[in-house]
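Q: Please read through the structure below; I'll follow up with questions.
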Amino acid sequence: MPSKTPHTNGTDPVENGINSTKDVEMKDDAPAPLKGGKGKKAKEGEEMAVVVPPPKGSKLSATPSKDKDGDTAMDGPVEGDEGDDGAVKVDPVTKAVVDVKSNFPLLERAVTHFDARFSLRALRSISSIRNRLTPDILAQVITETYQSANPAAKSLLKSLDREHAIFGKTSSIEMEIDTDNKPKAGKKEPKEIIPEIDVFLGILTQIYFLESKDYKKGSIFSAYLADRIHSLNRRTLDSLSARVYFYYSLFCEQIAPLAPSPSSPVVSIRPALLTALRTAVLRKDIDTQSTVIVLLLRSYLATSHIAQADLLISHTKFPENASNNQVARYLYYLGRIRAIQLRYTEAHEHLTAATRKAPSSPSAAGFFQTATKLLLVVELLMGDIPERATFRQASLERALQPYLLLVQAVRVGLLGDFEAAIKQHNDTFRRDGTYTLILRLRQNVIKTGIRMMSLSYSRISLRDICIRLKLESEESAEYIVAKAIRDGVIEASLDRERGFMKSKEVGDVYATREPGEAFHDRIRACLVLHDESVKAMRFPMNQHRLELKNAQEAREREREMAKEIQDGDLDEDDLGGEFEGM
Amino acid sequence: MAERQLQDLVRKLRSAPDYPTALKFLSTAKLTLLKAHALVPSPTTPQPLLLLARDVFETGALLSLRAKDTEAFTRYVHLLTPFYELQLSSGEQNKITGLYLLLLLTMGNYSGFHTELEGLECRNVSGEKRVVEDKFLGYPIKLERWLMEGSYDLVWKAMASGEVPCEEYSVFSEILTTQIRSEIASCSETAYSSLPISSTKDLLFLSSEGDVVSFAQSRGWTVQDGRIYFPALLKTSVDEKGNEKELSMVAIENTLGYARQLETIV
């Protein structure tokens, strides 16, 4: 391929844009070819938003698109200046390779600076790479990164079915790329490859298996990778190993005998996860700890081993400063378990926190929906009616449709509607795992029905109650109403001889302590929010010293001024005299 | 060797005349299982031995229940759980699970009941039958629903009319009866001001008026001119006063709290 042609296809500016943002973050010794991107950054600002998925048929795509987009060649000259490397970027394979490699300096920096933020940044970039991965790209990265004798590299290649890939040297297809990248690869070779890069490539391999739905292979490879991680004890590896376990259990969930069956791999992965948890706790590895706890809970709930999940929660301490997403997941599972155990108040608390902590990005909409569904049911079980506004949110409206019907039935207390809603959406509720919880709502519907009647009638016969609520018999109605009175649902009394219910006068709500309590709750919530936001504020390191320095300078200046004044004043005898007089 | 011995023991167990003799067989059976490493199933245990172990525990569970030894029953249920997890279910599984549910219900352990139920629902999703329609499992589930709703008459009917799925279930009937009777009594105390003795008899499912009077006395109700008067609700007024005092205290405390917080913020 001629290197200096002013060519661009659709993807080119975009790629450059991405590169340029990344480039800024890089170390000084980062690969030079990308530097040109910096200058173009501003110019391409708008184009960066356009994401054109690079075609899978890697090589061929570059050629036909050349003439098509030839007129948008405004980046041409710049590219030309960059020389060979710039030209090669057109090729998606090389592009992906470069993208993958651009994370290595980040990982290295994470190790040298001992700062997990850099590895997190590398992990974040995965989402932009993930749908471009092919075994060839991975194999290429591996062969270029490692020396041939490295066993880690060999096993990676083996799992990718690319055992024959040749290290450092070019194979016939990868000719140009390799020649282009050779200086870079050569520069890297003397360096020792840190295990972080190892694991990072492992994660990419996992993702490749996930994307190609090759779950069996993926789980085997993950087991191997988890083993390797287990043998390494490096704090800079924490966030990476958490990710490894995450994908490991994801594979297991997808393999043949699916979740509820006791022989599913979800069950067999548990010992591995528990060992990982133990190790993570001993190493104070917060990332892995939180991830693995969440994974275990998920696994237990998938087979509905509620008792075990509850035991796990009571025997482990979820790390306080775990990442937000893990906290949200943990809270959701916790809420779910508590709801099943009829501890609705706790469940409500956890689920509210989970929905609030849920990331607002569209890719996390599923979690938000699921958590909201459960929250709605728990709210209903507690006897509250969820707000109408919840159902109007764009991201929830359709998903919550069945629940809306349910809420309407419960709110009015119509047993018929309630049962119709359950029957109609039986499968939805079962899929959401809220079915058993919803069945418990029956008594709430009845209670609301009774309350509505006691509010609207000062006196109503048991027969009428029985008919309105569609109960089996008048006797049942009597017992049910009696229970409602005892539970404080309604203020009324029964007359057995004449068979009616007599409501008591409704007192003034504002005479009770209720409004005060509601007020107090809200104020407390506001105060807690304030405290939390104060705690969450971050300040640049050593800023206070700078201020101190400034203050010191100012003080010195003041002192000088005072001195000057004093000197000046000393000339005036009377002032000095006064001083002495004092 | 162990297998034959166990088969023999299971046969003996089934024909055991009374609980004490059965207990003897059970303990020998458990010892044999322990020696054969089959007390708790492990991947290496051979299948026939597992099946035998399960049989021993199932018989043990039913026997202990008939002897009203609920603790032993709970132990057997826990021992059986791993066997059922391995899908070594038998005709007895639903029966025993149902009985266990009923036990949890009579002990008032609702959270345990629902936890167990959730597991059943989940495991049965792929199954042929819905849990509620099962003869053995449906019974405790229905009872729980009626108890929560307050349809005590339906509970009573279900127990009285001999609708119990099998004889072991009737062990719980007595406990349940006293349980719902005290529930009804506490409901009546708040719901009615007074009741004629004759209708109280129906209400509490008691057989004679004499029983009503003795029951009323045990709960501290006053019986006068053929009517039962429930103790007046004196408590509430006292409570309200106490509350009011507390209310102002709470308000003061809260306001002071806000003031302190405001000071730190401003």
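Q: If I take R0 = 25 Å and measure r between the Cβ atoms of residue A:514 and residue A:349 in this structure, what FRET efficiency does the formula 1/(1 + (r/R0)^6) give, to the nearest 0.05? List each step's numbers first, then the result.
A: On the way: r = 20 Å, r/R0 = 0.78.
The computed FRET efficiency comes out at 0.80.
Q: Additional query: With a cap of 14 neighbouring Cβ atoms within 10 Å, and only residues DSSP puts in a loop, list the GluC sites (Glu not before Pro) found in the range A:446-494. Write out the running numbers ahead of the final one.
A: Values: sites: A:472, A:474, A:475, A:478, A:491; in loops: A:472, A:491.
Those satisfying the criteria are A:472, A:491.
Q: Rounded to two decimals, what is the ratio between the C-alpha radius of gyration of the range B:2-160 and 2.2 N^0.38 Å? Present the calculation step by step, with values, prior to reporting the outcome.
A: Values: Rg = 16.9 Å, N = 159, 2.2 N^0.38 = 15.1 Å.
Normalised Cα radius of gyration, the range B:2-160: 1.12.
Q: With a 1.4 Å probe and all protein chains kept in place, how do B:221, B:146, B:156 rank by accessible area, largest first?
A: Values: B:221 15, B:146 55, B:156 75 Å².
Ranking B:221, B:146, B:156 by accessible area, largest first, yields B:156, B:146, B:221.
Q: Let me ask another. Just the C-alpha atoms of the range A:440-504: what Rg/Rh do they give, with Rh taken as the Kirkwood radius?
A: 0.91
Q: Counting pairwise Cα distances across the range A:213-343, what percent come out greater than 25 angstrom?
A: Values: 1897 of 8515 pairs.
For the range A:213-343, the fraction of Cα-Cα distances above 25 Å is 22 percent.
Q: Can you give the FRET efficiency to the nearest 0.05 for residue A:458 and residue A:497, using r as the Cβ-Cβ distance and R₀ = 25 Å?
A: Working: r = 18 Å, r/R0 = 0.74.
Approximately 0.85, to the nearest 0.05.
Q: So if we plug the beta-carbon distance of residue A:130 and residue B:166 into 1/(1 + (r/R0)^6) with R0 = 56 Å, what FRET efficiency do we get, rounded to 0.05? Provide the component values of the computation, followed by the final result.
A: Numbers: r = 57 Å, r/R0 = 1.02.
The calculated FRET efficiency here is 0.45.
Q: State the extension gain, in nm to one decimal, for the chain segment bounded by residue A:467 and residue A:397, taking 0.36 nm per residue of separation less the distance between their alpha-carbons. Kindly include the intermediate steps, with their values, before the conclusion.
A: Values: separation 70, 0.36 × 70 = 25.20 nm, distance 3.42 nm.
Gain on stretching residue A:467 to residue A:397: 21.8 nm.
Q: Quick one: length gained pulling residue A:544 to residue A:530 fully straight, 0.36 nm per residue minus the C-alpha distance? List each step's numbers first, then the result.
A: On the way: separation 14, 0.36 × 14 = 5.04 nm, distance 2.29 nm.
Between residue A:544 and residue A:530, full extension yields an extra 2.8 nm.
Q: Given an 8 Å cut-off on Cα distances and at least 6 residues of separation, report the relative contact order of the range A:234-349 as a percent. Present the calculation step by step, with values, prior to reporting the outcome.
A: On the way: 110 pairs, mean separation 26.1, N = 116.
Relative CO of the range A:234-349 lands at 22 percent.
Q: Between residue B:28 and residue A:321, what is the spin-label point distance in nm, taking each point 7 Å from the Cα along the Cα→C-beta axis?
A: For the pair residue B:28/residue A:321, the computed spacing is 6.5 nm.
Q: A follow-up question, please. Do any GluC sites (Glu not before Pro) in the range B:151-219 lie in a loop, going by DSSP, with at most 14 other beta-carbon atoms within 10 Å of their beta carbon, and if so which? Don't skip to the answer; put the middle values down first.
A: On the way: sites: B:163, B:167, B:168, B:174, B:183, B:189, B:209; in loops: B:163.
Taking the range B:151-219 and a limit of 14 other Cβ atoms within 10 Å, the loop GluC sites (Glu not before Pro) found are B:163.
Q: How big is D, in µm² s⁻¹, for the range A:471-514 by Stokes-Einstein at 4 °C and 1.567 mPa s if Rh is the Kirkwood radius over C-alpha pairs? Working shown, then result.
A: Working: Rh = 11.8 Å.
In µm²/s, the coefficient is 110.
Q: May I ask for the percentage of alpha-carbon pairs in the range A:352-485 that lie more than 27 Å from each other? Mind dumping the intermediate values first?
A: Working: 2412 of 8911 pairs.
Above the 27 Å cut-off, the range A:352-485 has 27 percent of its Cα pairs.
Q: What distance in nm separates the simple spin-label points at residue A:420 and residue B:247, each placed 7 Å from Cα in the Cβ direction?
A: Label at residue A:420, label at residue B:247, 4.3 nm between them.
Q: As a test question: what accessible area, to the nearest 10 Å², does residue A:565 have when a 1.4 Å probe is rolled over all protein chains in place?
A: Accessible surface of residue A:565 is approximately 100 Å².
Q: Further question on the same structure: Quick one: which residues, 5+ away or cross-chain, put their amide H under 5 Å from the amide H of residue A:500? H built at 1.01 Å from N.
A: HN-HN under 5 Å from residue A:500: A:462, A:495.
Q: Which loop trypsin sites (Lys or Arg not before Pro) in the range B:18-85, with loop taken from DSSP, have no more than 14 other Cβ atoms within 10 angstrom of their Cβ?
A: Numbers: sites: B:24, B:30, B:35, B:54, B:66, B:68, B:75; in loops: B:68.
The qualifying sites are B:68.
The values are calculated or read from the model by the stated rules, or taken from the named source; none is laboratory data. Computed from a prediction, not measured in an experiment: that's the story for all the values here. For neighbour counting, all protein chains shown are included, and Cβ atoms are generated from backbone atoms with ideal geometry for every residue, glycine included. These area figures cover heavy atoms from the full protein model, side chains too; ligands, DNA and RNA do not enter into them. Shrake-Rupley method; radii C 1.70, N 1.55, O 1.52, S 1.80 Å.
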